[in-house]
1. What's the extension gain from Phe135 to Ala261 if we count 0.36 nm per residue and subtract their Cα-Cα distance?
2. Just to be sure I understand, if you calculate mean projected area of the Cα convex hull in nm² for this structure, which of (1) 23.0; (2) 14.8; (3) 16.0 do you get?
3. Using the per-residue mean of other Cβ atoms lying within 10 Å as a proxy for protection, in what order, highest first, do the peptides 220-231, 111-122 fall?
4. Report the relative contact order of the stretch 110-202, percent, no decimals, based on alpha-carbon pairs under 8 angstrom and at least 6 residues apart.
5. Distance between Cα centroids, the stretch 207-232 to the stretch 41-113: provide it in whole Å.
6. Taking the dipole about the Cα centre of the chain, with the C-beta of Lys and Arg at +1 and of Asp and Glu at -1, give me whichever of Leu112, Ile272, Ser205 is farthest to the positive side.
Amino acid sequence: MKPISLIPATLPAMMLALAALSAQAEELTVQLRGPALAESAGFLVAEAHGYYADEGLTVHLRPADNTPPFEALARGEADLAVAWMPTALVARENGLPVVNIAQLFDRPALRLTCLREAGVTGAADLRGKSIANWFNGQEYPLLAWLNRLGLVADDSLSGVALLAQWPPGAEMLRHKQAVCISTLSYDPVAGEGLVELDPHSQGASVLEDGLYALSGQLSDPAAEDRLARFLRASMKGWRDATADPETSARLILGPDPDPDALQRQAGMLRRIDGLLSVTGALDEGEYRRTVENLRAGGPNAVLRREPRGAFTTAISDRAAPAASAATTGPDPTPLR
């Protein structure tokens with residue numbers, strides 16, 4: 001007589017179904033920053049090369065638009081947002097509990113490109129001049145720079161006049177609608193008689209592109225692991241994007257790209273390579289310098305209070321061990 005089985009015949013099938021469900025990719029929605037595709041190339045390349053799928057993730061990349069970067073987080077439409085650090089710190093001071101979980105670019109790109117014929121050869125010559133700049137939170141790095149220079153954006157002869165910059169900003173220079181425009185080191189303006197000013201020379205630079213999540217998402221170890229896997233795959237995508245700029249530019253632009261657009265995006269990726277973090281880990285010294293610059297200026301300071309709990313290294317620390325295995329070469333850069 002055969003022994004009676006106490007295991008229902010359907011249980012193996014149920015166990016297989018549960019295993020299949022647990023193996024399904026976890027989802028993340030990410031609000032990108034822009035508007036240039038090259039500014040999001042690492043994520044797009046990681047998606048195209050299957051790096052997110054390799055980490056068990058299904059990632060939805062929301063294209064950049066004209067809305068403030070953290071609206072998608074606040075409305076629950078995204079799990080992560082890519083944004084400049086000053087925008088994030090101001091949003092946090094105003095009540096949105098955003099936390100930096102990684103720093104994609106560890107060197108800033110903001111520059112001012114000015115007309116030499118207007119008498120600008122250095123930052124000391126900005127007094128009384130008109131400067132075009134982006135808004136929606138992108139004005140904070142420039143305001144911090146002006147504070148370091150002792151200049152107030154009050155349209156006076158002893159301060160500066162700030163104008164809204166419309167694309168392409170170079171046209172505002174050509175038509176002399178502004179003496180200076182805001183530019184990025186990876187997307188410079190070409191032309192005769194132009195002077196490029198770098199806030200770093202006045203000790204006024206601030207960190208820019210980072211990854212941000214709401215603090216409530218960081219209390220769950222499973223969520224922390226998911227974000228670490230996303231960071232690991234994204235930095236791999238960024239390394240690929242900058243290692244082969246032309247191929248990456250073709251990938252992000254799609255089939256039969258416009259030759260001028262292809263050249264511009266590939267050029268941006270070549271220059272982004274010098275700004276990119278190795279692992280996405282935040283340099284705490286650079287964070288402190290950013291806060292110091294944003295708090296300078298007395299009553300005109302961008303930040304009113306010292307931030308608390310504005311960043312975590314837990315995600316980049318967790319991503320680091322596997323990331324080190326992906327680093328090639330005889331002498332890989334040590335991971336933090």
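1. Between Phe135 and Ala261, full extension yields an extra 42.9 nm.
2. (1)
3. On the way: 220-231: 18.7, 111-122: 17.1.
Result, highest mean first: 220-231, 111-122.
4. Working: 156 pairs, mean separation 43.6, N = 93.
Value for the stretch 110-202: 47 percent.
5. 10 Å
6. It is Ser205.
Laboratory data are not the source of any read-out in this text; all were calculated from the coordinates shown. None of the values given here were measured: they were computed from a predicted structure. Ideal geometry is used to build each Cβ from the backbone, glycine not excepted, and the neighbour counts take in all protein chains shown.
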